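Written below as structure tokens is the structure these notes are about.
Values in this text are rule-based calculations from the coordinates and carry no lab data. Owing to the predicted nature of the structure, the values given are computational and were not obtained by experimental measurement. Glycine also receives a Cβ, built like all others from the backbone with ideal geometry; neighbour counts cover every protein chain displayed.
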Amino acid sequence: MKGNSIIGVTLGDPAGIGPEVFARVLDDASTKCKIVVYGTRWALELGAKIAGVSPNARYKFVDVGIDKPADFELGVVSPVCGRIAVESVEAAAADALSGQIDAMMTCPLNKEAIHAAGYSDIGHQEILARLADVDATATMLMTPGLRVVHLSTHKSLIEAGQYVTRDNVLEKIDLCHRTLSGWGLQRIKIAVAALNPHGGEGGLLGREEIDAIEPAVEAAKERGIDARGPLPADSVFNRAIEGEFDVVLAMYHDQGHIAIKVHNFHESVTATLGIPFVRTSVDHGTAFDIAGRGVADSRGTTAALDAAVMLAQGALSNDA
């Protein structure tokens, strides 16, 4: 990878493991790209202390200017920390939209904390959609050997099932194809998972495959997209791992997340589709239960940074 891409990194919630895991990879990160860090210096310094490292890498720091709260405690929900996390994302996204950075990589925020801070956004994807003023977004999870795009993410299981319509499925297939093409993937083969067990068994176990998913796949084919499905979810991910497909469109959050995390949890990465810049993220949360113990695994942070550089350079390969 070339080392001239400029990647903005948000530290996430200071009470979580984000500052710690990023501090662990900061020195090595400087050999891959130029780094701009968004957050608070006190959070990064605390993270480095917890990790037992002294980062020497050159980087630019954009401090959102919020002091450490008097009642700050690692692993505890704080509205101030929620505000820091969101303002860091907002600052990085503004620079991405204006072209000052080539991509952004985000460390985890805490949904309870950002709600306590008064924000209505559910997570990063919703914040970025708001800032970029876009309606159609999607989450893609990547880990070596498997990529999964989600029809929906932050919806209850009941709501997710209701979201499976022809138009929604077709929109996500099209978004997936356009975005991956822009990131350098060639001859994209998209597998579309079924919603119901065994693909619905011809309507015996549900009609979403007949009424929504299959018509969407056929419409995508008419647009020249190589889409296949609906394919039973209990086998489609293994077929993708074996190389038959470049990406799987999952019908709801856990259908895709479980497959990715069972296959390779520690190197899984999230990317956001539908926004006008590259954003990747670690595929884990703030891990409040281990924050401050110095045991957080930084492999996901390294993978997310590598993915940001790769996507910024349009170098996504068919070899997952």
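Give me the tail of P(r) for segment 136-268 as a percent: Cα-Cα pairs with distance above 22 Å.
28 percent
Quick one: what are the phi-derived ³J(HN,Hα) couplings along segment 167-172, Karplus 6.51/-1.76/1.60 with θ = phi - 60°, whole Hz, x for glycine and proline?
5, 5, 5, 4, 4, 6
Evaluate the distance, in nm, between pseudo-label points positioned 7 Å from the Cα of HIS115 and of ALA136 along their respective Cα→Cβ axes.
3.0 nm
Which semi-axis lengths, in whole Å and largest first, follow from the square roots of five times the eigenvalues of the Cα gyration tensor of segment 192-288?
26, 17, 13
Can you count the Lys pairs in the chain whose Cα atoms are under 17 Å apart, with each pair 8 or more apart or on different chains?
So the count works out to 10.
Full-extension gain between LEU157 and GLU201, please, as 0.36 nm times their residue separation minus the C-alpha to C-alpha distance.
Values: separation 44, 0.36 × 44 = 15.84 nm, distance 2.05 nm.
Stretched out fully, the LEU157 to GLU201 stretch lengthens by 13.8 nm.
Under a point-charge model restricted to the Cβ atoms of Lys and Arg (+1) and Asp and Glu (-1), what is the dipole moment magnitude of segment 102-227 relative to its Cα centre, in debye to the nearest 20? List each step's numbers first, then the result.
Details: 12 positive and 18 negative charges, 75 e Å.
The calculation lands at about 360 debye.
Can you give me the Kirkwood hydrodynamic radius for the chain, using every pair of distinct Cα atoms, in Å to one decimal?
19.9 Å
In sequence order, what are the phi-derived ³J(HN,Hα) couplings for segment 145-156 according to the Karplus relation 6.51 cos²θ - 1.76 cosθ + 1.60 with θ = phi - 60°, rounded to whole Hz, with x for glycine and proline?
Running phi through 6.51 cos²θ - 1.76 cosθ + 1.60 with θ = phi - 60° gives x, 7, 10, 9, 9, 10, 4, 9, 10, 8, 10, 5 Hz.
Can you give the local net charge around TYR59? Use residues other than it whose beta-carbon is closer than 13 angstrom to its beta-carbon, Lys and Arg +1, Asp and Glu -1.
+2
Counting C-alpha atoms alone, how compact is segment 232-320: give Rg to one decimal and Dmax as a whole number, in angstrom.
That works out to 14.5, 42 Å for Rg and Dmax.
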